[in-house]
Amino acid sequence: MPVIRTVCGDIAPDRLGFTYLHEHLIGGALKPGSDPDLTLDQPEAAAAELRVFAAAGGGALVEMSPVDYGRNPLALRRLSEATGVHIITVTGFIKGTSMEPFVADRSLNQIADRMIAEVLEGIDATGIRAGVIKAGSSKDSITPTEEKVLRAAARAHRETGAPISTHTEAGTMALEQIALLRSEGVPPERMLIGHLDRRLDWEYHLAVARTGAHFGYDQFGKTKYAPDATRVDFVARLVQAGFRDQLALSGDLARRSNFPAYGFPDAPGYAHLIQRVVPLLHQAGLSQADVDALFITTPARLLAFGD
Ligand SMILES: [Zn+2]
């Protein structure tokens with residue numbers, strides 16, 4: 001039976017519930033001099049946000065901070081135990097300069113072996129296993145190091161069955177990521193290409209949709225990039241066009257200033273999508289079955305692997 005691999009162990013896919021597929025709880029940019037707003041280091045604040053999410057009906061989220069973004073699997077397990085929200089952690093790397101110190105002098109197979117071990121055996125000595133493989137690329141290019149990591153992610157997928165969830169920079173290079181992963185034998189339905197709503201270009205999104213890959217509208221609540229109304233309009237049009245089951249909605253909240261629990265009362269926080277965006281989706285014509293597909297069925301199908 002396929003399972004979903006959480007930080008507290010494997011669960012049956014039907015136990016997942018309402019899920020955000022790309023979020024952050026603990027971690028942040030490791031580079032000295034990085035914007036301090038990008039450091040999430042208060043477990044109490046994370047727990048408070050998770051409790052708000054659970055109270056609104058939330059069941060699970062994928063914590064997309066890999067080792068080059070301050071991943072902390074033990075903290076995630078404590079948060080899951082304290083709040084009852086299922087949390088999935090990742091193996092792999094984000095992009096460009098952040099991954100360099102971890103992979104520059106490693107071969108493709110060494111990188112793949114580490115990913116495979118983190119999915120099948122555990123991360124370091126924690127015994128906590130990753131349920132998603134992350135890889136990514138830069139703006140308008142896939143650097144040689146990023147290509148090596150994408151190919152390693154594909155090998156790790158082939159060995160484990162775990163899904164691949166990517167970072168795109170400003171929504172660029174989605175088709176190139178998909179082509180590269182496909183050339184390494186990854187079926188499009190096992191990919192989630194992230195951050196597509198950073199580039200709300202209808203023809204581009206149709207081209208991505210036609211590949212069969214999942215694609216992330218994972219910036220809900222970030223009005224500096226686009227109003228949620230535009231994202232909702234794109235979602236409604238894609239549902240109409242028959243691509244509902246490839247859509248993955250989330251908020252990718254990674255800044256202290258994204259969370260009321262960090263002292264920003266007007267920030268979106270984890271309540272935003274479930275309490276404020278879902279009603280907008282209904283207003284745009286989506287049925288309850290559509291909303292359940294976006295937040296329950298698709299995550300359960302995408303995240304399940306193994307036999
Ligand atoms: Zn993210």
Of the residues Val235, Val186, which is under 21 Å from Val277 (Cα atoms), buried (at least 21 other Cβ atoms within 10 Å of the Cβ), out of contact with any Pro (no Cβ under 6 Å at 6 or more places or on another chain) and at pLDDT 95 or above? Val235
Determine whether the stretch 2-19 contains at least one residue that is assigned to a strand (DSSP E or B), within 14 Å of the ligand (Cβ to nearest atom) and within 19 Å of Thr126 (Cβ to Cβ). no
Residue check for Ile11: touching a His at 6+ places or on another chain (Cβ under 7 Å) and aliphatic (A, V, I, L, M): yes
What number of residues within the stretch 217-266 are in a helix (DSSP H, G or I) and either among the β-branched types (Val, Ile, Thr) or at positive phi (or both)? 4
Test: residue in the stretch 67-88 that is of a type outside the set (Ser, Thr, Tyr), within 19 Å of Lys148 (Cα to Cα) and not in a strand (DSSP E or B): yes
Out of (1) polar (S, T, N, Q); (2) part of a loop (DSSP other than H, G, I, E, B); (3) modelled with pLDDT of 95 or more, the odd one out for Ser34 is which? (3)
In the stretch 247-288, residues that are of a type in the set (S, T, N, Q) and either surrounded by 20 or more Cβ atoms within 10 Å (Cβ to Cβ) or within 16 Å of the ligand (Cβ to nearest atom) (or both) total 3
Flag if Arg106 is without any contact (Cβ under 8 Å) to a residue 60 or more places away in the chain, more than 14 Å from the ligand (Cβ to nearest atom) and more than 30 Å from Asp266 (Cβ to Cβ): yes
Condition (residue is closer than 25 Å to Ala135 by Cα and either out of contact with any helix residue (DSSP H, G or I) (no Cβ under 7 Å at 6 or more places or on another chain) or away from the ligand (no atom under 15 Å from the Cβ) (or both)) applied to the stretch 50-57: is it met by at least one residue? no
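The values are calculated or read from the model by the stated rules, or taken from the named source; none is laboratory data. Computed from a prediction, not measured in an experiment: that's the story for all the values here. Note that each Cβ is placed from the backbone with ideal geometry, even for glycine, and that neighbours are counted across all protein chains shown.
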